[in-house]
1. Looking at region 134-155, which of its residues are open to solvent by less than 80 Å² (accessible area, probe 1.4 Å), in contact (Cβ under 8 Å) with a residue 24 or more places away in the chain and farther than 29 Å from PRO30 by Cα?
2. Just need a number here: residues in region 132-166 that are aliphatic (A, V, I, L, M), outside any loop (DSSP other than H, G, I, E, B) and in contact with a Pro (Cβ under 7 Å, 6 or more places away or on another chain).
3. Which condition number in (1) open to solvent by 80 Å² or more (accessible area, probe 1.4 Å); (2) more than 18 Å from ILE106 (Cβ to Cβ); (3) modelled with pLDDT of 70 or more; (4) in a strand (DSSP E or B) is the one that THR129 fails?
4. It is to be established whether one or more residues within region 172-188 are modelled with pLDDT of 70 or more, polar (S, T, N, Q) and farther than 30 Å from LEU70 by Cβ.
5. Only one of LYS80, LYS123, LYS74 is more than 16 Å from PRO156 (Cβ to Cβ), free of Cβ contacts under 8 Å to residues at least 60 places away in the same chain, open to solvent by 80 Å² or more (accessible area, probe 1.4 Å) and not in a strand (DSSP E or B); which?
6. Can you say whether GLU91 is exposed (fewer than 11 other Cβ atoms within 10 Å of the Cβ), closer than 15 Å to TYR27 by Cα and either aromatic (Phe, Trp, Tyr) or out of contact with any Leu (no Cβ under 9 Å at 6 or more places or on another chain) (or both), as far as the supplied structure shows?
7. Quick check on my filter: what residues within region 1-28 are part of a loop (DSSP other than H, G, I, E, B) and either of a type in the set (A, V, I, L, M) or closer than 21 Å to THR78 by Cα (or both)?
8. Here are some conditions: (1) under 35 Å from the mean Cα position of the chain (by Cα); (2) part of a loop (DSSP other than H, G, I, E, B); (3) touching a residue at least 24 places away in the same chain (Cβ under 8 Å). ILE41 meets all but one. Which one does it not meet?
Amino acid sequence: GDEIYNPTNTTINVKLEYINQFNITNYKYPTKITANITSNIADNATITINNITYPVKLNNNSTITIEEQLLPGKYNATLKYKDITKQTTFEIYKINTQITAQNQTITNINKLKINATLQDENKNTLNKTLKIQNNTIKPANNTITITFEGDEIYNPTNTTINIELKNYIDFAASYDNQIILNITSNINDTINITINNKSYLFKIENNETL
């Protein structure tokens, strides 16, 4: 007060609004975005992820789900309420994959058929392009690599199988004062070769020139 006026007073409440914590959990595709917020605010706010803004409702300490399915990758996120801004980063992981294929033993290269199945980590079969890195089959054992190169959702993977070409034989004939047979095989046995309706028995050991 003063010489004219009596003293007086009043009280007011001052609420300091704050956001202590803002984070988004890393997760594997496909899962919706979950933001964890520690604050004393119960009001409307926004979360911006890679330049796309989503309206959200804060309710003090909050766990907020954003109904948006983002592709795998690394993201920046900003929570804004009035002049309060919090930032965080998070990552959406790709889905792991695996290829299943069986070893084979064949006697005719023309009958070779490789059946390979690509599945995700939950055993769901995927219809994706697979590549065979070794497509040359020779007598005896062959290691074949089957590869999935991955895409925007699925991680790459590969597997190897063994193809055994067994009892394989091929030959070419030439003549230079005598018949010359060049035989390519993985057979150690007696074979029968017929020339002009006359049969000949030969003992061969793998590749031979007769």
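1. Scanning region 134-155 gives ILE137, PRO139, ALA140, ILE144.
2. Number satisfying all stated conditions: 1.
3. (4)
4. No: zero hits.
5. When all the criteria are applied, what remains is LYS123.
6. Criteria not met by GLU91.
7. ILE4, ILE12, VAL14, LEU16, GLU17, TYR18, THR25, ASN26
8. (1)
The values are calculated or read from the model by the stated rules, or taken from the named source; none is laboratory data. Only a predicted model underlies this, so the values are computations on that prediction, with no experimental measurement involved. Glycine gets a Cβ as well: all are built from the backbone with ideal geometry, and neighbour counts include every protein chain shown. Ligands, DNA and RNA are stripped out before the accessible areas are found, and what is left, the full protein with its side chains, is counted by its heavy atoms. Shrake-Rupley method; radii C 1.70, N 1.55, O 1.52, S 1.80 Å.
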